[in-house]
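Since the structure comes first, as structure tokens, the remarks are kept for the end.
The values are calculated or read from the model by the stated rules, or taken from the named source; none is laboratory data. Here the structure is a predicted model, which means the values were calculated and not measured. Because the Cβ atoms are built from the backbone with ideal geometry, glycine has one as well, and the counts that use them run over all protein chains shown. Accessible surface areas use protein heavy atoms only, side chains included; no ligands, DNA or RNA. Shrake-Rupley method; radii C 1.70, N 1.55, O 1.52, S 1.80 Å.
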Amino acid sequence: MTQAHEIPGFAAVEKYMLNNLAANLSPKLSYHNIQHTNNVMDAAMQIAASENISEEERKILRIAVAFHDSGFLYSYDLHEEKGCELVKEILPKYGFSPQLIKLVCQLIMATQTPQKPKTILECIICDADLDYLGREGAEAIADNLFEELKQYSILSTKDEWIKRQIQFLSVHHYFTAFSIKNRESKKQEYFSMLIHKTGGNNS
């Protein structure tokens, strides 16, 4: 299996995709924008630093994060699948082996909800993707997602949005030791705040 440190185009393909996202994502994407991808990258590297993963695995994780929302360049629905199509189209040009391409796609697909990660790298990217739920300012970031969903006619009212968030958070949990320790408590505070907004009725 080709090792990540043997891929001369590793840094180049990460830079290419991040620049592509920054330049070409629709302005309607008030949540799934380049800032989100950069935030997920920061979170993934923070979580990875607390896990016993190799430098090669860290590099593959970075590529998966860079591409995990790339499907939004072409489609709002099934964006993970579209992102994997881009991975299969672009990564061979940068020297990635079929095995590494398959691994990157598995990491991207792991971010689909409901999340069901099977490996430590899948756990890391899943927790990084939803890291904001357990940080200060979660409500403001969530409001960006609500505005995005309104733009795409998926939701129309704040009541619908709060109900959807409560349903999601009632079953969501973090997977890595880092996120459980550092994000779960603040996430529960956010969850309680949402329930309070409904008068305590989350049915």
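Consider the candidate values (i) 378; (ii) 109; (iii) 161; state which one is volume of the Cα convex hull per residue in Å³ computed from the structure displayed.
Computed from these coordinates, volume of the Cα convex hull per residue in Å³ corresponds to label (ii).
Asp77 to Glu147: extension gain in nm, 0.36 nm per residue of separation minus the Cα-Cα distance?
Result: 23.5 nm gained on full extension.
Counting only helical runs of four or more DSSP H residues, what would the 222 nm mean residue ellipticity of the chain come to if each run contributes -39,500 (n - 2.57) and the total is spread over all its residues?
Taking each H run of at least 4 residues, the total per residue is -19500 deg cm²/dmol.
Considering only protein heavy atoms, what per residue accessible area in square angstrom results for region 62-196 with a 1.4 angstrom probe?
48 Å²
Counting only C-alpha contacts under 8 Å and six or more residues apart, can you give the relative contact order of region 78-171 as a whole percent?
So the answer I get is 16 percent.
Given a Förster distance of 35 Å, report the FRET efficiency between Lys181 and Glu85 from their Cβ-Cβ distance, rounded to the nearest 0.05.
It comes to 0.45.
Can you give the local net charge around His32? Use residues other than it whose beta-carbon is closer than 11 angstrom to its beta-carbon, Lys and Arg +1, Asp and Glu -1.
Summing Lys and Arg as +1 and Asp and Glu as -1 gives -2.
Taking the mean number of other Cβ atoms within 10 Å as a proxy for protection, how do you rank 22-30, 122-130 from highest to lowest?
122-130, 22-30
Using alpha-carbon pairs under 8 Å, 6+ residues apart, how would you state the relative contact order of the chain in percent?
Result for the chain is 22 percent.
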